[in-house]
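Here the structure comes first, spelled out in structure tokens, and everything after it is commentary.
The values are calculated or read from the model by the stated rules, or taken from the named source; none is laboratory data. Small disclaimer: the values here were computed from a predicted structure and weren't measured. Note that each Cβ is placed from the backbone with ideal geometry, even for glycine, and that neighbours are counted across all protein chains shown. These area figures cover heavy atoms from the full protein model, side chains too; ligands, DNA and RNA do not enter into them. Shrake-Rupley method; radii C 1.70, N 1.55, O 1.52, S 1.80 Å.
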Amino acid sequence: MKRSSSNRKIQVFINFRGEELRCSFVSHLVDAFKRHGINFFIDKDEQKGRDLKHLFARIKQSRMALTVFSKRYAESSWCLDELARIKKRADKCKLRVVPIFFKVKAESVRYQKAEFGRNFWRLAKTSSGEQIKKWKEALESVSDKVGLTLGDKRTNKWVQMYVNG
């Protein structure tokens with residue numbers, strides 16, 4: 001996380017499945033943000049053991065959220081809880097959200113289909129009905145926004161050139 005002074009707002013909150021993307025796409029994104037002086041937050045530097053309200057405060061401080069959907073994203077209740085909070089702020093026009101579809105189709109996210117959907121429904125079996133409803137609404141809403149799809153080699157090459165400056 002780029003450190004910020006207490007009077008400076010976090011500009012971009014990055015929501016992603018850490019186990020899957022932290023050392024690949026997100027690390028390139030973070031490097032590019034650092035090079036260009038973009039203030040951002042990722043949960044890597046958040047103190048372990050704290051509850052989600054601290055991450056929700058980071059979302060509230062942000063003006064933009066990048067949500068990086070990947071095949072394993074829906075395995076994480078943490079990611080989905082963050083997404084529900086992101087949607088809530090976006091609905092109030094207090095946060096701009098840009099979805100990034102990393103090797104998944106927007107349709108798979110929106111309708112919980114294919115591998116993304118199987119992971120979602122596996123997690124849903126251990127969750128409450130109200131929680132599932134919030135997650136589904138957030139997935140449908142955010143995945144319906146104009147975003148960026150990464151997955152084919154041509155797009156990935158363009159993104160890598162852009163991110164690496």
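Number of residues in region 123-146 that are in a loop (DSSP other than H, G, I, E, B) and open to solvent by 40 Å² or more (accessible area, probe 1.4 Å): the value is 6.
A quick yes/no check of all residues on (1) more than 24 Å from F33 (Cβ to Cβ); (2) touching a residue at least 12 places away in the same chain (Cβ under 8 Å):
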position	(1), (2)
H54	no, no
L66	no, yes
P99	no, yes
K125	yes, no
G129	yes, no
E140	yes, yes
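Selection over region 106-122 of residues that are open to solvent by less than 60 Å² (accessible area, probe 1.4 Å), of a type in the set (K, R) and in a loop (DSSP other than H, G, I, E, B) gives a count of 0.
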